[in-house]
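**Q** For reference, the structure I am asking about is given below.
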Amino acid sequence: MKQLKKRILKDGKCLEGGILKVDNFINHQMDAGLMMEMAQEIVARFKGTAIDKVITIEASGIAPAIMVAYLLDVPVVFGKKKVPSTMDGIIRSEVFSFTKSRSYNICLCKDYLKKGERCLFVDDFLANGNAALGVLDLAVQTGAEIVGMAFLIEKGFQAGGKILREKGIHIESLAIIESLDNCEIKIKD
């Protein structure tokens with residue numbers, strides 16, 4: 001997606017250790033217009049796919065997931081990183097965060113992810129694929145089906161995309177970063 005690629009090159013920052021910082025327009029301060037354009041592109045790429053629900057993980061996936069769900073006219077559910085005292089019927093999956101260098105449990109109420117539901121996972125980044133694998137695990141626990149996964153940005157030099165594609169999952173990434181070597185951002189055409 002041209003607009004996103006341009007914005008990454010203009011406003012993205014590369015940090016040591018393969019981290020792409022886009023918090024000034026995607027995952028801290030958000031450009032709502034760009035977010036809606038990305039949601040429209042995701043919906044277009046999954047045209048013809050029956051989707052009952054959009055699923056994501058807090059916090060950075062919530063904004064694009066809500067916009068995609070709005071356009072699809074379906075509910076959105078997000079996995080939480082901390083269990084609220086009000087939550088019953090919890091299912092969990094352990095996820096390792098590349099950015100935070102630690103593991104945590106994502107959880108959600110099994111009432112919100114049901115057997116037979118066809119779900120689209122939407123998130124801001126695909127790196128090693130740990131969050132996506134955690135969501136797949138939650139779907140297996142409930143009998144829901146993940147019919148596709150959409151990412152705003154994929155780090156093509158990390159294993160997540162390959163792992164998920166080898167599982168036969170329909171993956172759509174709006175921008176694929178080829179390299180962050182020497183803190184230079186290189187995006188796949």
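The values are calculated or read from the model by the stated rules, or taken from the named source; none is laboratory data. As the structure is a computational prediction, the values presented were derived from the model and not from experiment. All Cβ positions, glycine included, derive from the backbone under ideal geometry; neighbour counts span all protein chains shown. Heads up: the accessible areas ignore ligands, DNA and RNA and are worked out on the full protein's heavy atoms, side chains in. Shrake-Rupley method; radii C 1.70, N 1.55, O 1.52, S 1.80 Å.
**Q** Are there any pairs, at least 6 apart or on different chains, whose C-beta atoms fall under 7 Å, with the first in the stretch 81-103 and without any contact (Cβ under 8 Å) to a residue 12 or more places away in the chain and the second open to solvent by 60 Å² or more (accessible area, probe 1.4 Å), and if so, which?
**A** These pairs meet every condition: Ser103/Glu94; Ser103/Phe96.
**Q** Every residue in the stretch 157-175 that is open to solvent by less than 40 Å² (accessible area, probe 1.4 Å) and free of Cβ contacts under 8 Å to residues at least 60 places away in the same chain, please.
**A** Once the filter is applied, which keeps residues that are open to solvent by less than 40 Å² (accessible area, probe 1.4 Å) and free of Cβ contacts under 8 Å to residues at least 60 places away in the same chain, the stretch 157-175 yields Gly160, Gly161, Leu164, Ile169, Ile171, Ser173.
**Q** Check whether at least one residue in the stretch 110-132 is closer than 24 Å to Lys155 by Cα, touching a residue at least 24 places away in the same chain (Cβ under 8 Å) and of a type in the set (Lys, Arg), and report yes or no. Spell out the reasoning first.
**A** Step one: of the stretch 110-132, the residues closer than 24 Å to Lys155 by Cα are 119-132.
Add one more test, that the residue is touching a residue at least 24 places away in the same chain (Cβ under 8 Å), and what stays is 119-132.
Of the ones still in play, those that are also of a type in the set (Lys, Arg) are none.
Within the stretch 110-132 (the criterion being closer than 24 Å to Lys155 by Cα, touching a residue at least 24 places away in the same chain (Cβ under 8 Å) and of a type in the set (Lys, Arg)), the answer is no, since none of the residues qualifies.
**Q** In the stretch 7-124, which strands (runs of 3 or more DSSP E) lie fully inside it and hold 2 or more residues that are open to solvent by 40 Å² or more (accessible area, probe 1.4 Å)?
**A** On the way: elements: 13-15, 19-21, 53-57, 76-79, 90-97, 102-109.
Once the strands (runs of 3 or more DSSP E) in the stretch 7-124 are filtered for at least 2 residues that are open to solvent by 40 Å² or more (accessible area, probe 1.4 Å), what remains is 13-15, 19-21, 76-79, 90-97, 102-109.
**Q** Got a sec? Which of Ile146, Ile55, Ile66 is within 20 Å of Leu4 (Cβ to Cβ), among the hydrophobic types (A, V, I, L, M, F, W, C) and at pLDDT 90 or above?
**A** Residue meeting the stated conditions: Ile66.
**Q** Restricting attention to the stretch 139-148, report how many residues are out of contact with any His (no Cβ under 7 Å at 6 or more places or on another chain) and either closer than 29 Å to Ser179 by Cβ or open to solvent by less than 10 Å² (accessible area, probe 1.4 Å) (or both).
**A** 2
**Q** Can you tell me how many residues within the stretch 138-189 are touching a helix residue (DSSP H, G or I) at 6+ places or on another chain (Cβ under 7 Å), over 22 Å from Ile26 (Cα atoms) and acidic (Asp, Glu)?
**A** Final tally of qualifying residues: 1.
**Q** May I ask you to verify whether Ile163 is in a helix (DSSP H, G or I) and either farther than 26 Å from Ala44 by Cβ or out of contact with any strand residue (DSSP E or B) (no Cβ under 9 Å at 6 or more places or on another chain) (or both)? Before the answer, list the steps.
**A** Values: in a helix (DSSP H, G or I): yes; either farther than 26 Å from Ala44 by Cβ or out of contact with any strand residue (DSSP E or B) (no Cβ under 9 Å at 6 or more places or on another chain) (or both): yes.
Against the criterion (in a helix (DSSP H, G or I) and either farther than 26 Å from Ala44 by Cβ or out of contact with any strand residue (DSSP E or B) (no Cβ under 9 Å at 6 or more places or on another chain) (or both)), Ile163 qualifies.
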